[in-house]
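Input: a single structure, listed below in structure tokens.
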Amino acid sequence: MKISKNTSIAVIGLGYVGLPLAVEFGKKYPTLGYDISQRRVSELRRGVDVTLEVHSDDLPLSGRLTYSTDPDDLRRATVYIVTVPTPIDEYKQPDLTPLRKASETVGRVIKKGDVVIYESTVYPGATEEYCVPVIERVSGLKFNRDFFAGYSPERINPGDKEHRLSTVIKVTSGSTPGIADFVDSLYASIIPAGTHKAPTIKVAEAAKVIENTQRDLNIALMNELAIIFKKMGVDTEDVLQAAGTKWNFLPFRPGLVGGHCIGVDPYYLTHAAEGLGYHPQVILAGRRINDNMGGYVVGQLIKQMLKRRIQVEDANILVMGLAFKENCPDLRNTRVMDSINGLKRYNVNIDVYDPWVSAEGAQHEYGITPIRELEPGKYDAIIIAVAHSEFREMGAARLHSLGKKSHVLFDLKYVLPKNESDLRL
């Protein structure tokens, strides 16, 4: 199978992953961006991307890239690329509902000779053992005879303007050697950074989950070290700067670990391992440490307030930042909420300020309406939870001016120099 003039792409799911992909493919092939959200599609047709991942100039109203919410429009495609979310449920188990529904949608429109490629993060084996049977059941077609599959894990880093789709090597794979070549050639045609063709779909799936599991474990180590050093009366950042002078020391920092990947992917891997009778030790230990950091932050803040003889009950506390990371509007799985929910148990008054996030999105996802303006002299405690560039630019004097005469400024993200905050991890 080879790329031809009849190759037509459909990208299913137009979020942080799907939209940049649709835009790049739309520069070379007839491409349909499909999403179940009418609002999302209407915004894109107007040239508006609320994720801020794609510039409005790259969101044409006509030409090779079009947008739709009508699943019947998918029938004209020969390649379907699935980029829907893969979250976890309240029990920290993989929630494959979006993946199942997307696969059912593909199953209703796929034709003989078509290829479906998954980019959503899954556990090793999910594409061929879970998704493909759904397509077979709905379509009545036979896998690797009538239709084929590939897997190419997304590597989108929200808010990162340097590591973009076109500048990061893309891992590819296919269900047969010929399809693997086709999928690799397809992505290579839009990604100047190049591709890496994995030997199997399962290898490509595994590569994705360990990328973020490795990062998760490294941050967990830093978080545990921060807790230990706090008990020793040693500044964690001072230690990390000293250790960082060695050529092979990895520059990770402690903090709240959220987002759509790092705080989720390890659970997909452990789910698969437990299904095989193996209970992971290190991976789950790291997850427990990172999941508990929100509560640790609250405990440290309350202790410091009590030391300053600041009344905790009915105190005014400002949380600066709600997005899961700096300089992006992404609210998915933000662990800032762990600290906010922990503070609520102390009957305090909480204001949340984040110039990056949508007030409507924050209200919809978490029942929080961020404040629009900062009021000087109001707060008993201030938590810098996210390192937005706007917060760095404010400087220590402006940040402290938001507090009462006696207040605590807790810098979780090392936004300020060591001696300009009252508390940090």
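The values are calculated or read from the model by the stated rules, or taken from the named source; none is laboratory data. For clarity, every value in this text was computed on a predicted model and none was experimentally measured. Quick reminder, even Gly has a Cβ in these numbers, built from the backbone with ideal geometry, and neighbours come from all protein chains shown. What goes into the accessible areas is simple: the full protein's heavy atoms, side chains included, and nothing from ligands, DNA or RNA. Shrake-Rupley method; radii C 1.70, N 1.55, O 1.52, S 1.80 Å.
With a/c under 1.5 counting as rounded, go ahead and sort segment 1-136 into rounded, prolate or oblate using the C-alpha gyration tensor (a ≥ b ≥ c being the square roots of the eigenvalues; past the cut-off, prolate if a/b is larger than b/c, else oblate).
Numbers: a/c = 1.94, a/b = 1.22, b/c = 1.60.
It is oblate, given that a/c is not under 1.5 and a/b is not larger than b/c.
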So what is the accessible area of segment 1-83 per residue, in Å², with the probe set to 1.4 Å?
46
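Could you give the length gained by full extension between H55 and N144, i.e. 0.36 nm per residue of separation minus their alpha carbon distance, to one decimal place?
On the way: separation 89, 0.36 × 89 = 32.04 nm, distance 3.81 nm.
Roughly 28.2 nm would be gained on extension.
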Rounded FRET efficiency, nearest 0.05, which uses the C-beta distance separating N218 from K28 and R0 of 41 Å
0.65
Before anything else, pin down the relative contact order of segment 353-425: Cα pairs under 8 Å, at least 6 apart, normalised by residue count, whole percent.
28
In nm, to one decimal, how far is the modelled label at K307 from the one at K5, with both set 7 Å along Cα→Cβ?
7.4
Cα gyration tensor of segment 283-336, axes a ≥ b ≥ c as square roots of the eigenvalues: rounded (a/c below 1.5), prolate (a/b > b/c) or oblate?
oblate
With each pseudo-label sitting 7 Å past Cα toward Cβ, what's the R100-D314 distance in nm, one decimal?
5.0
Considering only F391, F324, F252, give the residue with the highest GNM mean-square fluctuation for the chain, with springs between Cα atoms whenever their separation is below 10 Å.
F252
Round to the nearest 0.05 the FRET efficiency obtained for E390 and H364 when R0 = 22 Å and r is the Cβ-Cβ distance.
0.40
With springs connecting C-alpha atoms under 10 Å apart, model the chain as a Gaussian network and identify which of P71, P370, P355 has the largest mean-square fluctuation.
P71
For segment 241-269 and segment 197-213, distance of Cα centres in Å:
19
Whole-Hz ³J(HN,Hα) for each residue in segment 115-129, computed from phi via Karplus 6.51 cos²θ - 1.76 cosθ + 1.60 with θ = phi - 60°, x for glycine and proline: what do you get?
10, 10, 10, 9, 10, 4, 5, 9, 7, x, x, 5, 4, 7, 9
Tally of Lys pairs whose C-alpha atoms are under 21 Å apart, taken over segment 336-425, 8 or more apart or cross-chain:
6
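Given the Cα-Cα distance of N292 and E43 and 0.36 nm per residue of separation, how much length would full extension add, in nm? Don't skip to the answer; put the middle values down first.
Working: separation 249, 0.36 × 249 = 89.64 nm, distance 3.75 nm.
85.9 nm is the gain from fully extending N292 to E43.
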Please compute the length gained on full extension between Y130 and R75, using 0.36 nm multiplied by the number of residues separating them and subtracting their Cα-Cα distance.
17.6 nm
With the dipole of the chain worked out from charges on the C-beta (+1 for Lys and Arg, -1 for Asp and Glu) around the Cα centre, which of V138, V41, A207 lies farthest toward the positive end?
A207
The long-range amide H neighbours of H196, using H built 1.01 Å from N in the peptide plane and a cut-off of under 5 Å, are K170, V171, T172
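Output the DSSP H helices from the chain with an along-axis C-alpha extent of no less than 27 Å and a mean Kyte-Doolittle hydropathy no less than 1.0. Could the numbers behind the result be given before it?
Numbers: long enough: 201-232 (47 Å, 0.28).
Helix filter hits for the chain: none.
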Quick one: with all protein chains in place, what share of the accessible area of the chain is carbon or sulfur, to the nearest percent (1.4 Å probe)?
52
With charges only on Cβ, +1 for K and R and -1 for D and E, what is the dipole size of the chain about its Cα centre, in debye, rounded to 20?
320
Please find, in a Gaussian network model of the chain (springs between Cα atoms separated by less than 10 Å), the residue of A273, A198, A381 whose mean-square fluctuation is greatest.
A273
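So what is the relative contact order for segment 251-352, in percent, with contacts set as C-alpha pairs under 8 Å and at least six apart?
Worked out over segment 251-352, it gives 34 percent.
Over segment 315-385, what is the relative contact order in whole percent, taking alpha-carbon pairs under 8 Å and six or more residues apart? Could you put the intermediate results ahead of the total?
Working: 115 pairs, mean separation 32.1, N = 71.
Value for segment 315-385: 45 percent.
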In nanometres, what is the gap between the two model label sites at N327 and Y278, each 7 Å from Cα along Cα-to-Cβ?
3.8
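Around A396, under 15 Å between beta carbons, what's the net of Lys plus Arg minus Asp minus Glu among the other residues?
Numbers: positive: R392, R398, K413, K418, R424; negative: E390, E393, D411, E420, D422.
Residues close to A396 contribute a combined charge of 0.
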Label point at K230 placed 7 Å out along Cα→Cβ; residues across segment 335-371 whose backbone nitrogen lies under 18 Å:
335-346
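When a/c reaches 1.5 or more, the comparison of a/b and b/c decides; with that in mind, is segment 182-278 rounded, prolate or oblate per its Cα gyration tensor? Intermediate results must be reported in sequence, preceding the final value.
Working: a/c = 3.18, a/b = 1.72, b/c = 1.85.
Oblate.
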